[in-house]
Structures are given as C-alpha cells and as structure tokens.
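The next block holds one structure in the form of structure tokens; read it before the comments.
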Amino acid sequence: VSKAPPRVTLLTDFGTADGYVGAMKGVIASITPTAFIDDITHDIAPGDIAGGACCLATSWRFHAAGTVHVCVVDPGVGSARRAVAAAVADQFFVAPDNGLLTHVLLEPGATIVEISERRFVRDTVSRTFHGRDVFAPVAAHLARGSSITDLGPIIRDAVLLPLPTVQISADSVSGEVVHTDRFGNLVTNIDAGQVPDAARVTFPERSNVQVRMVATYAEAEEGELIALIGSVGFLEVAVRNGSAAERLGAGRGMQVRVGRGDDAGRGDVAGRGTRTP
Amino acid sequence: VSKAPPRVTLLTDFGTADGYVGAMKGVIASITPTAFIDDITHDIAPGDIAGGACCLATSWRFHAAGTVHVCVVDPGVGSARRAVAAAVADQFFVAPDNGLLTHVLLEPGATIVEISERRFVRDTVSRTFHGRDVFAPVAAHLARGSSITDLGPIIRDAVLLPLPTVQISADSVSGEVVHTDRFGNLVTNIDAGQVPDAARVTFPERSNVQVRMVATYAEAEEGELIALIGSVGFLEVAVRNGSAAERLGAGRGMQVRVGRGDDAGRGDVAGRGTRTP
Amino acid sequence: VSKAPPRVTLLTDFGTADGYVGAMKGVIASITPTAFIDDITHDIAPGDIAGGACCLATSWRFHAAGTVHVCVVDPGVGSARRAVAAAVADQFFVAPDNGLLTHVLLEPGATIVEISERRFVRDTVSRTFHGRDVFAPVAAHLARGSSITDLGPIIRDAVLLPLPTVQISADSVSGEVVHTDRFGNLVTNIDAGQVPDAARVTFPERSNVQVRMVATYAEAEEGELIALIGSVGFLEVAVRNGSAAERLGAGRGMQVRVGRGDDAGRGDVAGRGTRTP
C-alpha cells in the first residue's frame, strides 16, 4: 500500500435499511479511523452473485492503487465456502469464494489467498454475517497496510462463475446479454473488437427484429432500437431515451448475433415505433 | 480553492447497482486521493433533468466554499451538447449543458465555461459515459486546485430550463407544483414572500378543494390537507403524516392558487378525511 | 472526543432524491470540513420510528469512540417535541426526542441532554426540516469537539418506544417479530440466551407451522423454513435462499414461541416446499 490515504469501497446486496452496512462501516472505521469509505452499491439483488460480479467488473479498474474493495453477496454464509482476498493490479479485494470476484481474478497476475488467520477478523464471528465479522475487518487491516500474504495461504482454485462464451463463425459472432442496466440497456459479452464494421444485430429468439449499429445514442432517432459499443467496451442493445429490456421483453441470457451489414434485409428492420413482444 | 480538504459531491440518475457510480468514484479518488466523496443522490428518475435540477436547488447552497458538485443526468450524452463547469458563490459545478444547473446558474455572479481542454478529461472518452470520462476527472482536478478558467472558454449562453412562472394579480398568486418529494409533499414555485397572511390555497384543476395555511405540520390534524412554507422557502401542500400527492392525485405541473383568506368559503373546505380523486 | 478524525453518520427516512440529505451533508462539511460523513441509511420507511430505531440498534455498537450519529425520522417536526443529544459508550447521538434512540438510551451510563443552546443550530431554523437546521449542525459541532453538556440541560425523561416484552414460562419463551430485513428474515426480540438447546419454534397465529433451530443457513435445505440465532444475538426465522416473511405472510408483530425440542411433533413440521398462507 502506498502512502495514499486508505480508501475502502463497499459492494453488497444488503440494502441499507437494516443497519448491516452501517455495522460494516463502523467496524472499518474502528480499525482504520482515517479510511475513506465509499459505497459502490448495496442494491445488488439479494443473492445475485453474477449481478455483483458484473457491477464490480464495471467499476474496479478505475480505482486507485491501494484501494480495498469489500464485496459481499454471500448466500452461502455459514457453509464451508472459503473467505478470500486478492491482490490485482495494486488493488485489493475481499469476498466470499463464490465467484463474486470472477472478472477480477481473471486478470493476469492476480494473487489470491484464503483468509485463515484469526487475528484479522472479529473476536467472535457470527454464522450469518461475515460482512461485518470477516470481510470488513480484513479490509480495514489491508487498508492500513497489512500484507495480503499474512491473511492466509495462497490458493489457485478460487471459484469462478461459468461465463457465457462467444461463438465466432465466418460471418457472425454470437453471444448473449449478461446484464440489464437501470436504463434498460442490454449489455452483452461481445467485445468491441469482435464487432465488424457495418454490423447488423439480430436475436435468434426474436426472429423479426434486427437493429443497426450506431456510434452514439445521438445518431439514433428518439425511441429507436439500436446497438452500440458501451462504456466498458462491449456491445449493448439500447433504445434512445427508452428501455431495450422493455422493448424486447428481454434480459440476462438472451442470445445476440452480430452479422455483417451486407447481410441486412433478411428480417424486418426494427425502426422507431416497432415493438416486439 | 481554499485549504479546506477537497470535497466532491455526486448527483446522478445512475442508480448504483450497475457500477457506473463506482467507476466515477474511482476516477475521482485516483486523481485526488484525499477527496471526500459525498453522495447527494443517484436516484433521480432516468433522464429527469428537471428532477435533478430541483434536487440540486434544494441542497447546493448549504455546502462549503470549494465544494465541487458533479451533476450527471445526461440523456443527450454523445450528441453535440456541451460539457460545462461553473463557479458560483465559491462552489464549483460540472455537468452536461442541458439545464441541469439551471437554478445554480441563475445566481448573480455565476462564471460558466465550456469544458474543452482535453488534458482534464480521460485519455479515451467514451460516447456513452461522460460521467466517468469527463465530469468526474474535471471535478477531481477542480477539487485539487485547477482554475475553472483553465477548463475552456467562458460562455454566456448555457442552456436553462424554462421555469414555470408565477402570476401575481390583485387578489391572488398563481403558480404550480414543481416537485413531489418522498413524503408526498407538493412543492410549488410560489415564494414565501408572495404568500399573503391568512391565505387560502386552491387548485384550479380540483375545484372543490381548498386548504388553509399553517406554520408547521403540528398545527394540522392528523391526515389534514394543509399548505405551509417549506424548508427552502416555497409554498408546499402537504398532508400531516400522509401524502398530499396521493390525496390530490397530483404531481409536477398541477396549478396552485393562493388567495386571501377573507376570500375563503367559496369552495368546500378540505378537512380531515376529505379525499379528492 | 479523541484525536481520531471526526466521523459523522447519517440515518434518515428522507431518501436521497429530494436533496434533503445533500443539504445536511453540506451543513456538516461547512462546520467541520474534515469530517468523514458515512451514510447508514436513508431508506427507513417514511415516519417509521421503530424501523429507524431497529436499524440503529443493529449498527451503532460497531462504531468507533467519538463517532457522531445523526438520526432523523421525525414525523413530529415543528411540534413541541424536544431535540436531544446523547453520549453513550464514547459515541454521540443527535435525534428528535421521539423514541428513535430507544435502544441506545437503554445502555447503562447514557447521558442525555435537551438541545436548547441556539449557538449550535443554524441562524434560522425552519419549521419542517430540523435535520438540516438543528441535528446536522449540532452533530458537526460535537464532531469537532464541543461538549455534549454545552448543548443544553441533562434530562432523564427522554421518550422511549414501548418495546414488546418476552414472556418466559417453565416450558417456553414467547416473543414477537420486531423487524423484517431485506432478505425476508424475521428478527425477533428473543435473546439467544433465552433459547433452550434443541428448541422448536412455533407461531400461535400459524398453528400448523413449526420449525427447527439450526446453527447456520447451510444446515438447512434449500427453501426450508428454519430458526437460528442472528448476527445481533436474537432469534430469527428464515428461509434458506428465500423469504420467511413471504412464506409466513408475516412481519413485525407476529408472535413467536420457543419451546423445548422434546415437545416437538405436536404440529406439522414445515419442511421444504411447505407454504402457509
């Protein structure tokens, strides 16, 4: 950890009204009174590990060296699932070993340890709230300079979520929606580099819909269903000032196919006002 | 900027679950590691510029000199709309030039610049997320002491929302509801100074309702529909321990008329238990 | 107050979208520019004093000495209800005198004062927003070192919520649900120490349901209705990866009875898949 002031972020599915997050903040500030505590979110759907992983994937890379991220979406709390900490690109992560850190751990050079040293956790560890009793205190100790390798042994078998794959053929790339955001944008797992120029985007499960690629929302007409490269570098399906999720009645898991634009015209073009069930 | 520690506030319509706000916080802390980052809100309705402007109008004046407010409700991101920064009353604001800063920019002595200097934004600016790539880094630079006039040229034609006007006649003042708050209070654009003593409040679109002015909720009976001067100095319509918005089936845009109290009696008095559709 | 950096927490029913919380943060930072301002929650249901008290009970004990907690759920704002501050276990609390601090004030050694000294509040105090005009500035002054006894006279008659009692008989303990959390867990007022080994849990209002005690969620089958000792030391009723509140159609106030396990078998055992109306 550099001499930058300690910064700890929180990402949970706890909401805030029950006081669980408040307790975690207290534990952190008690151990590291100078820590900045920044909320990433507490609005992950209860138990939605993939949703938490996606939120983290969108945000972590922009944080400063030395930042400690506490990530708790933990339906298996109290089971034999391990608690882990990771060092990736000069940042630190603590979380249950359930796939929540998947996108982070896939980075080259990640160091992952199982948290086993009792001196970094609360004296009494409850069976139901490791956010407060394990992850918050470990994060606070990392933020004040403890070494990650003091926490426990290095492991190489951390749990990773099975990520949906992208299929590349001669004339198309097929992937799927991995996240629906607050605006109803459908974020896919198709990387910008996999999208040909003048692409057209279709949906195997919505055979009558095809959409054009634009560079920015402003190129679309109000209410038009479009595709574009989103802010983290993946293909997104969107409606300008509207919700693509609502328009397509779609969410996580919907198949998305990107073909060459000269292939266009085989289906109906989904223009302004087109609504598909 | 004074020697006070750097403080940055955030006001967006992003929610938190998608990681967009987390990314912005990371960008700010990376540039200005000692910055306090305080959330104003991320719960503005998607694309609701007027709602964001109202939230900012309610809060900004209470912040300290040197505070930098990052405000992002930005349905036009990626279009030709400008990015602006403003210095008002020793505080700073960065936002899309779409009216979000309206109430702030109407303050005497506001200095407004178009953000055009590339060295204050991220190296790569996405087409869809200027909160992370433009507004967060510019705010972080202002928080650590950059001068607002270094950001770009001064402009005098920033976009302002068309604010609803108040009509003053010999015997009444007419305005409208500009905001419904979480408690169902209907906040109007009628200034305290425009409200006569012993006023009675009526609604042209609800001809059978009239309400009396009180000084405080406690003067009302439980469930009574009343009017009072709210905490930012404007007339509000409220129900003690209930929702005026629900009671009147009303929200932003509803006309409100304030007449002299001796004019009372022309309509039915809306007392406890009265419910209007 | 020790030399630890000033930390202020906020717990309200204000939501964030209206700017009320933003205004409070501005007031605090204006008076104490070095204060860390940590949100506990702003999502208490409007006017739900008991819900706010419960959130505070879950979180306050974990905070550091010197922390100042601003708690505002205040349906009686503008009435004659007092504003109070309290010092408990080296932490500080400011709140309306309406029972919001009940669990804190029951701690041995609590010092409670009525806030009466005008110099600690804003020059103009509105009739409707004491969060901004009274509680935030008082908290900021406490955070920078003012003494609690400077705020006003010590009182010994602060308002306490009537807490539901626990009835202990020879063969059972009877209490009730005092909180439903985000996961649908039903938190009771039955202390861990009152729960016999091998207990079985029944509900007088749901005569056909009985559940077994487990040590942790992981001992339950997916979807099983169970009881366990929760993270703050009270009996909770839960469904593994599901909602006990939904399963039982129950919430705050439901009666809960803990009997000896050898008493089991009198009712139907609620196993996986059992759903009661």
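The values are calculated or read from the model by the stated rules, or taken from the named source; none is laboratory data. Worth saying up front: this structure is predicted, and the values here are computed from it rather than measured. For neighbour counting, all protein chains shown are included, and Cβ atoms are generated from backbone atoms with ideal geometry for every residue, glycine included. Remember, those area values only see protein heavy atoms, side chains included, never the ligands or the DNA or RNA. Shrake-Rupley method; radii C 1.70, N 1.55, O 1.52, S 1.80 Å.
Once B binds C, the 1.4 Å probe can no longer reach about 2700 Å² of accessible area, counting both sides. In whole angstrom, the stretch A:1-158 maps to an equivalent ellipsoid with semi-axes of 19, 18, 17, each derived as √(5λ) from the alpha carbon gyration tensor and ordered largest first.
Site pair B:ILE155 and C:THR165 shows an inter-label distance of 6.9 nm when each label is modelled 7 Å from Cα along Cα→Cβ. Taking amide H as placed 1.01 Å from N in the peptide plane, B:ASP38 has its amide H under 5 Å from the amide H of B:VAL8, B:THR9, B:LEU10, each at least 5 places away in sequence or on another chain.
Projecting 7 Å from Cα along the Cα-to-Cβ direction, the label point of B:ALA89 sits 4.0, 4.0 nm from its equivalents in the other copies, listed shortest first.
Sorted from closest to farthest, the other copies place their A:PRO164 label points 4.4, 4.4 nm away, with each point set 7 Å from Cα along Cα→Cβ. The residues packed around B:ASP123, meaning those with a beta-carbon under 13 Å from its beta-carbon, carry a net charge of +3 if Lys and Arg are +1 and Asp and Glu are -1.
Per the Cα gyration tensor, the protein assembly as shown maps to an equivalent ellipsoid with semi-axes of 39, 39, 29 Å, ordered largest to smallest.
What separates the Cα centres of the stretch C:43-75 and the stretch A:159-229 is a distance of 44 Å. Rounded to the nearest 20 debye, the dipole magnitude of the stretch C:128-205 is 360 debye, with +1 charges on Lys and Arg beta carbons, -1 on Asp and Glu beta carbons, and the Cα centre as origin.
Rounded to the nearest 5, the antiparallel percentage of DSSP beta bridges internal to the protein assembly as shown is 70%. For the stretch C:168-177, 3J(HN,Hα) computed residue by residue from phi via the Karplus equation (6.51, -1.76, 1.60; θ = phi - 60°) reads 10, 10, 4, 10, 7, 10, 10, x, 8, 6 Hz, glycine and proline entered as x.
Of the accessible area of the stretch A:38-128, computed with a 1.4 Å probe over protein heavy atoms only, carbon and sulfur atoms account for 48 percent.
What shape does the stretch C:115-161 take by its C-alpha gyration tensor, where a ≥ b ≥ c are the square roots of the eigenvalues and a/c under 1.5 counts as rounded, a/b above b/c as prolate, and the rest as oblate? Judged from the Cα gyration tensor, the stretch C:115-161 comes out oblate (a/c at least 1.5, b/c at or above a/b). When chain C is treated as a GNM with alpha-carbon contacts under 10 Å, the residue of C:ASP48, C:ASP171, C:ASP39 showing the greatest mean-square fluctuation is C:ASP171.
Taking square-rooted eigenvalues a ≥ b ≥ c of the alpha carbon gyration tensor, is the stretch A:39-117 rounded, prolate or oblate, where a/c under 1.5 means rounded and, failing that, a/b exceeding b/c means prolate? Since a/c reaches 1.5 but b/c is at least a/b, the shape of the stretch A:39-117 is classed as oblate. The phi torsions of the stretch C:144-149, fed into the Karplus equation with coefficients 6.51, -1.76 and 1.60 and a -60° offset, translate into couplings of 9, x, 4, 8, 4, 6 Hz, rounded to whole numbers, with Gly and Pro shown as x.
Computed over the alpha-carbon atoms, chain B gives an Rg to Rh ratio of 1.05, Rh here being the Kirkwood radius from the mean inverse distance.
Counting only protein heavy atoms and a 1.4 Å probe, the stretch A:101-237 has 44 square angstrom of accessible area per residue. Taken as Cα centroids, the stretch B:90-152 and the stretch C:85-101 sit 40 Å apart, rounded to the nearest whole angstrom. Peptide A:131-138 is shielded by partner chain Cβ atoms: per residue, an average of 1 of them sit within 10 Å of its Cβ.
Between C:SER172, C:ALA45, C:PRO137, the Cα set farthest toward the positive side of the dipole of chain C (charges on each charged residue's Cβ, about the Cα centre) is that of C:PRO137. Rounded to the nearest 20 debye, the dipole size of the protein assembly as shown about its Cα centre is 680 debye, using +1 on the Cβ of Lys and Arg and -1 on the Cβ of Asp and Glu.
Between B:ARG61 and C:ALA65, the FRET efficiency estimated from the beta carbon spacing at R0 = 41 angstrom works out to 0.75.
The H on the amide N of C:ASP74, modeled in the peptide plane, is under 5 Å from the matching H of C:GLY47, each at least 5 residues off or on a different chain. The amide H of A:VAL178, built 1.01 Å from its N in the peptide plane, has A:VAL187, A:THR188, A:ASN189, A:GLY253 as neighbours under 5 Å, considering only residues 5 or more places off or on other chains. For the stretch B:177-194, heavy-atom accessible area (probe 1.4 Å) falls by no less than 10 Å² from the chain alone to the full protein assembly at B:HIS179, B:ASP181, B:ARG182, B:PHE183. With chain A treated as a Gaussian network of Cα nodes joined by springs under 10 Å, which of A:ARG61, A:ARG182, A:ARG212 yields the largest mean-square fluctuation? Between A:ARG61, A:ARG182, A:ARG212, it is A:ARG182 that shows the largest mean-square fluctuation. FRET efficiency for A:LEU106 and C:ARG81, Cβ-Cβ distance as r, R0 = 51 Å, nearest 0.05? It comes to 0.40.
Ranked by solvent-accessible area (1.4 Å probe, protein heavy atoms only, all chains present), the residues A:THR124, C:THR111 order from largest to smallest as A:THR124, C:THR111. Each of A:LEU163, A:GLY26, A:SER243 was scored by the projection of its Cα onto the charge dipole of chain A, and the greatest displacement toward the positive side belongs to A:GLY26; charges sit on the C-beta of Lys, Arg, Asp and Glu. If both residues of a DSSP beta bridge must be in chain A, then about 70% of such bridges are antiparallel.
Dipole size of the stretch B:1-128 about its Cα centre, with +1 on Lys/Arg Cβ and -1 on Asp/Glu Cβ: approximately 380 debye, rounded to the nearest 20. Counting Lys and Arg as +1 and Asp and Glu as -1 over every other residue whose Cβ lies under 14 Å from the Cβ of A:VAL187, the net charge comes to -3.
From the square roots a ≥ b ≥ c of the eigenvalues of the alpha-carbon gyration tensor of the stretch C:86-195, which class results: rounded (a/c under 1.5), prolate (a/b over b/c), or oblate? Prolate shape, in that a/c is at least 1.5 and a/b is the bigger ratio.
Please compute the net charge surrounding C:ASP133, taking Lys and Arg as +1 and Asp and Glu as -1 over other residues with Cβ under 12 Å from its Cβ. Spelling it out: positives minus negatives among the neighbours equals +2.
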